[in-house]
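Below is one structure, written out as structure tokens; comments come after it.
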Amino acid sequence: MDFHKLNSLEKFKEVWSCYGYGENPEDVLEREFTRIKGTVYLDHAATTLYPESLVKNYCLDISRNLYGNPHSHNPSSRLTHETMERVRYRILQHFNTTPEEYSVIFTSGCTAAIKLAAEVFPWKSQIENVAGSHFCYLTDNHTSVVGIRGLTSNRGVVTLPVSPQDVENRAKDKAQSEDAVCQTPHLFCYPAQSNFSGTKYPLSHVEGIQARRLYPACDCRGQWFVLLDAASLVSCSPLNLQDCPADFIPISFYKIFGFPTGLGALLVRNQAAAMLKKTYFGGGTAAAYLSGEDYYVQAANLSDRFEDGTVSFLDIIALNHSFEALYRITGGMQNIQQHTFGLARYTYMLLSSLCHGNGQPVAQMYTRGQFDSPNTQGAILNFNLIDSHGEIIGYSQVDRMASLYNIHVRTGCFCNTGACQSFLGITNQQMKRNLEAGHVCGDTIDMVDWQPTGSVRVSFGYMSTFDDCQKFLNFVAECFVKKPVAVDHARIERLKAASASNEETTVNINEVKHKVEEKKKVSQNGIEPVHLSNREGSYTLTNIYIYPIKSCGAFEVHSWPVGPQGLLYDRAWMVVNGNGVCLSQKREPRLCLIRPQVHLSSNELLLQASRMNTISVPLEIRNEMHASYPVCQSKVCGDRVETKDCGDEAAAWLSDLLGQPCRLIRQSPDFTRCMKKKSDTAVNSPPLSLVNEAQYLLINHASVELIHKVMSSRQDYPELNTQNIISRFRSNFVIAGVQPFEEDNWSHLIIGNIQFTVSGQCVRCQMVGVDQNTGSKTKEPLMSLSAYRNGKVTFGVYLTHQLQDSLKAGVLSVGSHILPQPQAS
Ligand SMILES: *Cc1c(COP(=O)(O)O)cnc(C)c1O
């Protein structure tokens, strides 16, 4: 049976019968989540989505009721106080416990809750040979837990990271006898569910640790407390505190409900509360204190004592509506768990069985089990895709293609370095080397030395549907599988049988490592030779484009002056929305319909668009005009830039065209923003205009023709001519090259009499899908580029000019000869 027949709702129902909540899931989407239509949202582990009825009911509530500050005692504040008490009760009920057993302390989120627990924990320092407290944590923890180390490491507390295997191995040890003498408190932290892999750790560990049966089996004496990080687990699963009396449970509410954000809680077991040491006492936390003498008596009520200042009371009130909507739509967490696990399991089965035409698997799955039970696995899949030669495709490439399909996934290390290292087989030394190679958490450097620095995570939420799985799987098959698409049927049957045996290991790190070693050997023999046939005379500059307004239409010129920041007036202006945020074609493709022209002789920038009157803005703002052009601050690619507003007429013109309040702004002439240094080759940080990356972008006509050919050979896609393709790549220079992509191997080049350094390759995204004539979007040419370059989506190179004496500004003209210099090998 072929892949597309396998990937159907009937097949899904054969392996998992729980789907939806009685009502057709599509109807729920139609009613409550119209805003996600057309989007495949698979990042619920980062935040899930709120239903419309939740925010509507909440708005009605706070519009009609008078809620005062809960610390006052007037009628409006009593209403707030009582509503909040009800919410606390509801939270405890949700986790099947009561105010007699647990207290709810509101925080700004899970991280803040963890930090609070660590700050008030009564750590004992080691004094001479009297043992101190231990801080013990699973390596598969979120950064927010590992960060406790910053509080303990300088206090004589023993820090003990333990791997999941260590804990497993100790799980069968016998209970230690009660330790009545030693009261030294120790803290063990583990996630109820890994936010990386979705692995659920046994809740029974809580009692095991408290009874000193588990790691580190406490040769060290004292009392063990458990912090159970439930942030990831509770988003799609029930948590019953009767089964696991953890002492501290931090959570974030947006992960369960999508709304409100900025609100979390620390659930504290009342038994453990007495020993906690509050040091700071802020608004509302004291029963009594003196301002002139060191006298402070803490509030008797635990919540009052630990909530410094006024809590976010309107958000807490929103929680009532969050609970109401969640239960109304789904019937509760048990149902959500069944529904989301089914989707994850199905996706896992197909993705892990998907093969290239040559039989090689398509995905390397990072999971501990086989998705056989919702008791051990949550609705999260983590993986890297592999090409037909067995090499890993960097997560950024996957991310970029997914955006093209409007599929939203998460990539990187997920704030969980421990899990990332263990699954991907990255040593501590390699982690440090990756940083030296310029890789930081959350960036797009997905491979260092042919090894992945992170992976791809797909996660489901209660409103996810089968359609999401199907679209995601079809996307992988379409973009990353060497045809014909094949399926390992034997594997599917094995997984279906869902045998409890977990013998088969999915993490085959050794095999991948082997490939990496081979690759390294090749590279040590030197860079592949560059073929530069017929160097002189073959290369000419055929087109010059400037883009006066960032992200708007091109202005083609024949001959143009070069200024300190690149071609004169290239990206000197940009359009910002009502909140002052820069607009780009990613979100507003109609920007390409604006066709600006620069007239040097009359000092004018003309704004043109069809069916609009042309208006003019001065190129240079003269001193006497400054008052009418107020200074503003903006950001371009994370850099602060100083800009000037270009006035109400331009703003009205743009707002009219784009149908939202916008303004035109210009980079301040006396402001310099410099290129970020990426490598040693970048000549001392050249100044930039409002471009994203570099002064110039060059593309090669030979590469365009090649992509054109690849596109034409693929069916179902609109025929685009080469000029259309050229315009989508939005370059400054088009050259007539010889070989496609040969410019990737150049280190320098001379155009006319100006010398340039190649500062990097241009990584493409879905923006090249915008037809620059109409503003409509297509998946091409990114599809063909990715297919041809095996997942790599760079096209063209960035250039930086080298104007020796900066006074000698040059001029560039179409027809100039180009002299490329290949990289030294
Ligand atoms: C999300 C998450 C956190 C951090 O939550 P914040 O809301 O960012 O404070 C901590 N631990 C786990 C397991 C998580 O999934």
Work from the charge dipole of the chain (Cβ charges, +1 for Lys and Arg, -1 for Asp and Glu, about the Cα centre) and give the residue of Cys355, Ser703, Gln370 farthest towards its positive end.
Ser703
Mind ordering 349-359, 192-202, 289-299, 599-609 by average Cβ neighbours within 10 Å, highest first?
192-202, 349-359, 599-609, 289-299
Quick check: pseudo-label points 7 Å beyond the Cα along Cα→Cβ at Tyr327 and Leu79, how many nm apart are they?
2.3
Say R0 is 22 Å: what FRET efficiency, to the nearest 0.05, do Glu604 and Glu642 get from their beta-carbon distance?
0.45
Can you compute the modelled spin-label distance between Gln126 and Asp372, with each label point 7 Å from Cα toward Cβ, in nm?
4.2
Helix 701-713: angle to the longest alpha-carbon principal axis of the chain, degrees 0 to 90, nearest 10?
60
Using only Cα atoms, find the angle between the long axis of helix 395-404 and the longest principal axis of the chain, and express it within 0 to 90 degrees, rounded to the nearest 10.
70
About the Cα centre of region 383-485, how large is the charge dipole given +1 on each Lys and Arg Cβ and -1 on each Asp and Glu Cβ? Please answer in debye to the nearest 20.
80
What FRET efficiency would be calculated for the residue pair Asn428, Gln660, taking the C-beta separation as r and a Förster radius of 35 Å, to the nearest 0.05?
0.10
For region 277-394, rounded, prolate or oblate, judged on the Cα gyration tensor with a ≥ b ≥ c (square roots of eigenvalues), a/c < 1.5 rounded, else prolate if a/b > b/c?
prolate
Semi-axes of the chain from the Cα gyration tensor (sqrt of 5 times each eigenvalue, largest first, whole Å) come to 51, 34, 28
Count charges around Ser353 for me, please; just the other residues with Cβ under 10 Å from its Cβ, Lys/Arg as +1, Asp/Glu as -1.
0
How high is the FRET efficiency between Glu693 and Val440 when r is their beta carbon distance and R₀ equals 22 Å, given to the nearest 0.05?
0.80
Using alpha-carbon positions, the gyration tensor of region 355-441 gives root eigenvalues a ≥ b ≥ c; with a/c under 1.5 called rounded, otherwise prolate if a/b exceeds b/c, else oblate, the class is rounded
Specify the angular offset, from 0 to 90 degrees and rounded to the nearest 10, of the alpha carbon long axis of helix 110-120 from the longest principal axis of the alpha carbons in the chain.
50
Need the full-extension length gain, Asn790 to Glu493, defined as separation in residues times 0.36 nm minus the C-alpha distance. One decimal, nm.
103.9 nm
Only counting other Cβ atoms within 10 Å, I'd like His389, His339 sorted with the fewest neighbours first.
His389, His339
Order by neighbour count: Ile735, Ile492, fewest other Cβ atoms within 10 Å first, most last.
Ile492, Ile735
Please list the three semi-axes, largest first and in whole Å, of the ellipsoid equivalent to region 663-799, using sqrt of 5 times the eigenvalues of its alpha carbon gyration tensor.
28, 19, 13
Paramagnetic label zone (point 7 Å from Cα along Cα-to-C-beta, Ala273; backbone N under 13 Å) in region 292-315
299-307
Helix-only [θ]222 nm of the chain, DSSP H runs n ≥ 4, -39500 (n - 2.57) each, per residue, nearest 500:
-8500 deg cm²/dmol
Long pairs among Lys11/Lys482; Lys11/Lys779; Lys13/Lys496, criterion Cα-Cα beyond 18 Å:
Lys11/Lys482; Lys11/Lys779
Give, in nm to one decimal, the length gained when the segment between Thr310 and His748 is fully stretched (0.36 nm per residue of separation minus the Cα-Cα distance).
151.7 nm
Given the Cα-Cα distance of Phe671 and Ala702 and 0.36 nm per residue of separation, how much length would full extension add, in nm?
7.4 nm
Is there a quick way to get the dipole size of the chain? I mean about its Cα centre, with the Cβ of Lys and Arg at +1 and of Asp and Glu at -1; what is the value in debye to the nearest 20?
420
Contact order relative to length of the chain, as percent, for alpha carbon pairs under 8 angstrom and 6 or more apart:
12
Which of the peptides 46-58, 396-408 is most tightly packed, and how do the rest follow, judged by the mean count of other Cβ atoms within 10 Å per residue?
396-408, 46-58
Could you sort 659-665, 32-38 so that the peptide with the highest average Cβ count within 10 Å comes first and the rest follow in order?
659-665, 32-38
Return, ordered by residue number, the residues of region 121-144 whose backbone nitrogen is under 11 Å from a label point located 7 Å along Cα→Cβ of Arg221.
131
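FYI, it's all coordinate maths here, none of it is from the lab. Since this is a predicted model, take the numbers as computed values, not measurements. A quick note on method: Cβ atoms are made from the backbone with ideal geometry, for glycine too, and the neighbour counts reach across all protein chains shown.
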